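This report concerns only the one structure given below.
The values are calculated or read from the model by the stated rules, or taken from the named source; none is laboratory data. All values derive from a computational prediction rather than experimental measurement. Here the Cβ positions follow ideal geometry from the backbone for every residue, glycine too, while neighbour counts run over all protein chains shown.
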Amino acid sequence: MELTKNISQTTIIKSLFAIILGSIALTISAKIKIPFYPVPMTMQTFVVLFLGVSLGYKIGLASVSLYLLEGILGLPVFSNSPEKGVGFLYFTGPTMGYLIGFLTASFLASKINNKDSFLLVLTKLIVATSTIYILGLLWLGTLIGWDKPIFALGAKPFLLAEIFKIIILAIITKQIIKLRKFI
């Protein structure tokens, strides 16, 4: 009985540590801008997918949720904060749909397993990433109006960078999945 209690406490502590580290990784990935054509690239979507693949859906979603909560509460964790605002007001701005899409993407990425072929991993990562853009474009269109070129503003400039990140992640996914057993 005592051994079970200690294992459970250890598991909870490891999980909380992984959730906090995941949130920190997501914050760092939001702040580092890599020169890329046609717009600078952050590694947020890569980290969101990485969290799902490496931590599984529960801890991956908890990490993304903690990150979003930190931002909503006013911590400058989002990509363009504090320069363009903080807190709930920033969260409900043009990027809210994309930020919410982080949850679906992390969840879907967690469904990748070691038995999946490279092509299936690639497909699942594309689908997961697509949910970020679908929710992002839906919110953006609602916010700024559907008469604007929503796809050209909210997706097209980022597609090349997304393809690059998805391919890199697909290549290393099998090794990442092996890390799950340590969490």
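Data table
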quantity	calculated
Unique residue being under 15 Å from the mean Cα position of the chain (by Cα), of a type outside the set (Ser, Thr, Tyr) and at pLDDT 95 or above when the list is Leu137, Leu169	Leu169
Selection within region 156-175 - of a type in the set (A, V, I, L, M) and under 17 Å from Thr123 (Cβ atoms)	Leu159, Ile163, Ile166, Ile167, Ile168, Leu169, Ala170, Ile171, Ile172
Output for region 48-65, where each listed residue is among the hydrophobic types (A, V, I, L, M, F, W, C), crowded, with 24+ Cβ neighbours inside 10 Å and without any contact (Cβ under 8 Å) to a residue 60 or more places away in the chain	Leu51, Val64
Residue check for Ile100: more than 12 Å from the chain's Cα centre (by Cα) and modelled with pLDDT of 95 or more	no
Single match in Glu70, Glu83 (criterion: touching a Ser or Thr at 6+ places or on another chain (Cβ under 7 Å), among the acidic types (Asp, Glu), under 29 Å from Phe151 (Cα atoms) and surrounded by fewer than 20 Cβ atoms within 10 Å (Cβ to Cβ))	Glu70
